[in-house]
Amino acid sequence: MKKLPHSWKILDKIILNILSSDLHIHDNSIKIVLSCNFENIVKGRCNLIINEKKKKEEDQVLVFSDKPLMEVKVFYELKKIEEIINHIKFSSIRKKKITLHISEGLAINNQGYLYVEEKTKIKVLKIEWLIPLF
């Protein structure tokens with residue numbers, strides 16, 4: 001890994017705030033699309049897509065270099081997807097958050113701007129959900 005100037009640091013996790021959610025049902029498949037913004041990156045947005053796990057798919061983050069967008073693909077069993085739907089549908093004034101622990105760090109400067117040289121795919125190691133109940 002390259003040594004970064006003092007004004008840059010490496011993020012080992014991405015924190016997302018859920019803005020909206022949509023349920024997509026197609027024939028025999030179901031998915032949830034969450035539109036999010038970042039808590040620890042200044043600009044951009046993220047679409048987190050939850051798909052039903054059918055094979056050995058790996059959770060991943062796709063970071064685009066030509067637009068301020070990330071796409072996250074997460075795979076769960078149908079029962080877990082139903083649980084997520086039941087939890088995220090609750091309205092709360094507190095933010096619903098998702099923390100993605102990633103296998104490769106992302107470079108951000110002291111102001112929180114992300115540096116991406118080329119389109120990158122990063123493995124998600126762990127996902128933490130924070131969904132307020134009240």
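The values are calculated or read from the model by the stated rules, or taken from the named source; none is laboratory data. Quick caveat: nothing in here was measured; it's all calculated off a predicted structure. With ideal geometry, Cβ positions are generated from the backbone for all residues, glycine too; neighbour counts draw on all protein chains shown. Just the protein is used for accessible areas: all its heavy atoms, side chains included, with ligands, DNA and RNA removed. Shrake-Rupley method; radii C 1.70, N 1.55, O 1.52, S 1.80 Å.
Summary of computed values
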{"read-out": "Among (i) 11, 42, 32, 12, 2, 0; (ii) 13, 39, 29, 18, 1; (iii) 13, 45, 34, 8, 0, the entry derived from the coordinates for P(r) over Cα pairs in 10 Å bins from 0, in percent", "value": "(i)"}
{"read-out": "Karplus (6.51, -1.76, 1.60) ³J(HN,Hα), θ = phi - 60°, over segment 126-132, in Hz, Gly and Pro reported as x", "value": "7, 10, 10, 9, 10, 10, x"}
{"read-out": "Chymotrypsin sites (Phe, Trp or Tyr not before Pro) within segment 1-99, DSSP loop, no more than 11 other Cβ atoms inside 10 Å", "value": "Phe90"}
{"read-out": "Relative contact order of segment 52-118, pairs being alpha-carbon contacts under 8 Å that are 6 or more residues apart, as %", "value": "28 percent"}
{"read-out": "Sulfur and carbon atoms: percent of accessible area, the chain [1.4 Å]", "value": "50 percent"}
{"read-out": "The chain: relative contact order as a whole-number percent, Cα under 8 Å and 6+ apart", "value": "29 percent"}
{"read-out": "DSSP-assigned coil residues among trypsin sites (Lys or Arg not before Pro) in segment 1-79, each with at most 16 further Cβ atoms within 10 Å", "value": "Lys2, Lys3, Lys43, Lys53, Lys54, Lys55, Lys56"}
{"read-out": "Helix-only CD estimate at 222 nm, as mean residue ellipticity for the chain, using -39500 (n - 2.57) per DSSP H run (n ≥ 4)", "value": "-2500 deg cm²/dmol"}
{"read-out": "For segment 10-16, Karplus couplings with θ = phi - 60° (6.51, -1.76, 1.60), whole Hz, Gly/Pro x", "value": "9, 8, 9, 8, 10, 10, 10"}
{"read-out": "Of all DSSP beta bridges in the chain, antiparallel share, percent nearest 5", "value": "85 percent"}
{"read-out": "Under 5 Å, built H, 5+ apart or other chain: amide partners of Met70", "value": "Arg45, Cys46, Asn47"}
{"read-out": "GluC sites (Glu not before Pro) lying in DSSP loop within segment 61-106, provided at most 12 other Cβ fall within 10 Å", "value": "Glu77"}
{"read-out": "Accessible area per residue, Å², the chain with all protein chains present, probe 1.4 Å", "value": "66 Å²"}
{"read-out": "Over segment 1-74, equivalent-ellipsoid semi-axes from the Cα gyration tensor in Å", "value": "28, 15, 10"}
{"read-out": "Angle in degrees between helix 78-88 and the longest Cα principal axis of the chain, rounded to the nearest 10", "value": "80 degrees"}
